[in-house]
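Below is one structure, written out as structure tokens, with a few remarks after it.
The values are calculated or read from the model by the stated rules, or taken from the named source; none is laboratory data. In this text, all values refer to a predicted model and were calculated from it rather than measured experimentally. A quick note on method: Cβ atoms are made from the backbone with ideal geometry, for glycine too, and the neighbour counts reach across all protein chains shown. Quick note on the areas: whole protein, heavy atoms, side chains included, nothing else; ligands and nucleic acids left out. Shrake-Rupley method; radii C 1.70, N 1.55, O 1.52, S 1.80 Å.
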Amino acid sequence: MKNVLLFIVVLVGISSFTACTPRQDIHVPEHPLMTKIAPPVVLQEDSTIIVLADYFSQPQLIDSVVTDPSLKANFSADSSRLILKPAIGKIPQLSVLTCWGEGIPYALLVKRSPDIPVLITFNPHGKRYNKVRIAGQINDWNPDKNPMQFNGTIWETKILLPPGNYQYKFVVDDEWISDPGNPDTISNGIGGYNSLLRAGNLMSAERPFLYTLDAKKNAITIGGVEGVDEVIVFWENYQVPESLLYRDGNTLIIKLPYAASGKHQSFIRVWGSNKTGTGNDLLIPLKKRQVITDPGELTRSDKETMILYFMMLDRFCNGNPHNDQPVDDPDVDSRVNYLGGDLQGIIDKLDDDYFTSLGINTLWLSPVTQNPLTAFREYPEPHRKFSGYHGYWPLTLTTVDYRFGTAQELKQLVNEAHLKDIGVILDFVAHHVHKDYPLLKEHPDWVTQLDLPDGRKNIRLWDEYRLSTWFDIFLPTLDLSKPEVYELVSDSAAYWIKEYQLDGFRHDAAKHVPQIFWRTLTHKLDSMLKPEGRSIYQIGETFGSRELIGSYINPGMLDAQFDFNLYWEAKLAFGTPGSSFRDLNIALLQSLSFFGYHNLMGNITGNQDMARFISYAGGALKPNEDDREAGWLREIKVEDTTGYRRLASLMAFNMTIPGVPVIYYGDEYGLPGANDPDNRRMMQFEALTSHEQWTLGITKKLTHLRSHNLPLLYGDYMPLVVSDRIFAYMRVFMGQVAIVVFNKDPEMQVVEINLPNWMNAAGLSAHFGSESTINGHILQLSLSGNSFEILTNQ
């Protein structure tokens, strides 16, 4: 019975085994109930809800679970969810939740919540206020989530937060202000500053750091286990039995299960923890029963190898002038009209091997669906008129806009890309349609409410009405909580994958769409693609806290989202001379803690909704100005050519950290621009300046370096030097290392790095021309101003 649960102590895989131990292995059924790698379940404060369909293809077949005695588990009344709550004793940092189905024990890793209590205070200094609230990254900028209480002297509230940095403001009688008692501030990226809260310590040297040493004779050697209280090892979604684990001092030997021989590719995963907290996690790719040690054995279907290239279709390349049809309206500025880019233009660039030479293996196309033939005036001031050149105003959900080309051309594009081992993902808009979408005439109740009870229009109230707000008065939001709506839209999305053999989606406005839609779509895609034996990549767009972003990521919804929080810090660190690398390292550690050390999050150079990075790094835009209006008022160009070096450093950062690098078209050479629409200029392929050619050459070298070095694909991140102007880190995989060093000082710096004693420092070579010496385990590097270096021992 599902409501009868077993509770046992989870044994940690660090016991020794001997030659006389009988052979134990993992039994894999012919049709497993879990087919995707499941990320850890992070416990919430009071209760944690697990939607079984997110993890199991047939959740009704899960009949019992086994968990740590410190937790109690119950199935919901309809058996669709599992609810975990604290029981007795202290919850361990790591434990295993075993879910039994058809006699097979499937394993989910369970992590104790990392949250710590943080007291936030506001001193009114004798002034009387009716209400004081806090809004920020701690609560997705919703001031109503955390009310503050007045104790007679100060206003205060206590919040549970994971360690890290958080931007915030106080809302004092509806006025948004910085914290007058906190001098620590940070640019908000839109012309102002926020206060910065620093909670806990992510840099504790006492946290475990596991690393892979080597792989020989169907076994893997792991280092760093000395002082680690718990080590848990999974193969795929099964816990590796203790008989296959052998601990010897600071190393753990994992004998690979025989079951791996029956699977073409699979993964070993390892986690460790001690009293301080959990450390990094390991992801080790296998081919049959051998560790993959040659990047040549990987393909574009291995998602960790992806390098995305995002093109705004109308602005990339005009391959067929005969389909050009800009909107004929004198009120429409040419910058927001159709400029002629099309599918044939991308086909031409595939034929020219532009993407292959750039080192790209996945193309991301902006929406191709039919958009209106006329222009529309935006609701907010100054009420400019725009065309739908960008593709985000769908009139239909399943037809190609003839101004971009034909269905046959899209099929040709995908086919030619696949022949060059390049994947193609499509930008899909599920959140809204244009007001002239035909079905709205028959079903006006399919959209959310525009006129609010308080008299306001429900337009761009991003956080207050997150799941119902409209983007504009002519773009009604679909009510995707209604079955008839989410079934139709998810069918339309699945059509693109099946009809055009696409490799995935970028999903627009993911946080503004109910989770039921993402679950419905992903279930349909999984069922459709299972007979083909292929999987796709789905990445969403969500501006918000890491908690909100992560709530959409699991096997039943999205693979990943763009890590905008990390980008804001990278933009400051690399693009602003007075900023510090310290906050960037904290932001990266926060993301790795939330999404895993081997996540598939998108690490962007920019996108269509923000000013170009080089326009800040090159001095054309100031941090405190309105970067959208700047593009309308003046020509934005690269004022300081140091900006190209700063852009190269950002590119090097994205190419060398965990996650999926994403290049916005033109960033490979430094195309400038303010915010929308100035950041959507026509792509240039010829007449590049010497600085642009240099930047393009660096980008190509970086993409190829990433693709041919396993530490940059599966290595674990370890910071080595973190200061205001110097930042060095290492990624390590099976004894191979990649060391990345940045210098944001304008002058040359001699950087001295103490390398770990367990690392083999022999054979380190620099790829970008810096002079280096090694004395024992001390690396000394001469690094030019505003530059970077990458050293490998491969």
Sum of -39500 (n - 2.57) over DSSP H runs of 4+, divided by residues of the chain (222 nm, nearest 500): -5500 deg cm²/dmol
Percent breakdown of C-alpha pair distances by 10 Å bin, ordered from the shortest bin, for the stretch 619-723: 13, 38, 32, 15, 2
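For the stretch 704-794, with only Lys/Arg (+1) and Asp/Glu (-1) charged at the beta-carbon, what is the dipole magnitude about the Cα centre, in debye rounded to 20? Numbers along the way, then the final one.
Working: 4 positive and 7 negative charges, 53 e Å.
Result for the stretch 704-794 is approximately 260 debye, rounded to the nearest 20.
In what sequence, largest accessible area first, do Tyr392, Tyr664 appear using a 1.4 Å probe?
On the way: Tyr392 25, Tyr664 0 Å².
Final ranking, largest accessible area leading: Tyr392, Tyr664.
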Size of electric dipole in the chain: Cβ of Lys, Arg +1 and of Asp, Glu -1, about Cα centre, debye, nearest 20: 1840
Dipole magnitude (debye, nearest 20) for the stretch 47-144, charges at Cβ of Lys, Arg, Asp, Glu: 740
Accessible area (Å², 1.4 Å probe, nearest 10) - Met734: 20
Mean accessible surface per residue for the stretch 311-365, computed with a 1.4 Å probe while every protein chain stays in place, in Å²: 36
Charge sum, other residues only, whose C-beta stays under 13 Å from Tyr669's C-beta, Lys/Arg counted +1 and Asp/Glu -1: -1
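When only the heavy atoms of the protein chains count and the probe is 1.4 Å, how do Trp518, Trp694 rank by accessible area, highest first? Present the calculation step by step, with values, prior to reporting the outcome.
On the way: Trp518 0, Trp694 105 Å².
The residues order as Trp694, Trp518, largest area first.
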Computed accessible area, Glu230, all protein chains, 1.4 angstrom probe, square angstrom: 30
Solvent-accessible area, 1.4 Å probe, carbon plus sulfur percent, for the chain: 51
Per residue accessible area of the stretch 615-691, 1.4 Å probe, in Å²: 33
Charge sum, other residues only, whose C-beta stays under 9 Å from Asn371's C-beta, Lys/Arg counted +1 and Asp/Glu -1: 0
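If Trp100, Trp176 are ordered by their accessible area, calculated over protein heavy atoms with a 1.4 Å probe, which sequence runs from highest to lowest?
Details: Trp100 90, Trp176 120 Å².
Most to least solvent-accessible, the answer reads Trp176, Trp100.
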Along each principal axis, Cα extent of the chain, largest first, Å: 85, 70, 66
Probe 1.4 Å - accessible area at Arg247, Å² to nearest ten: 60
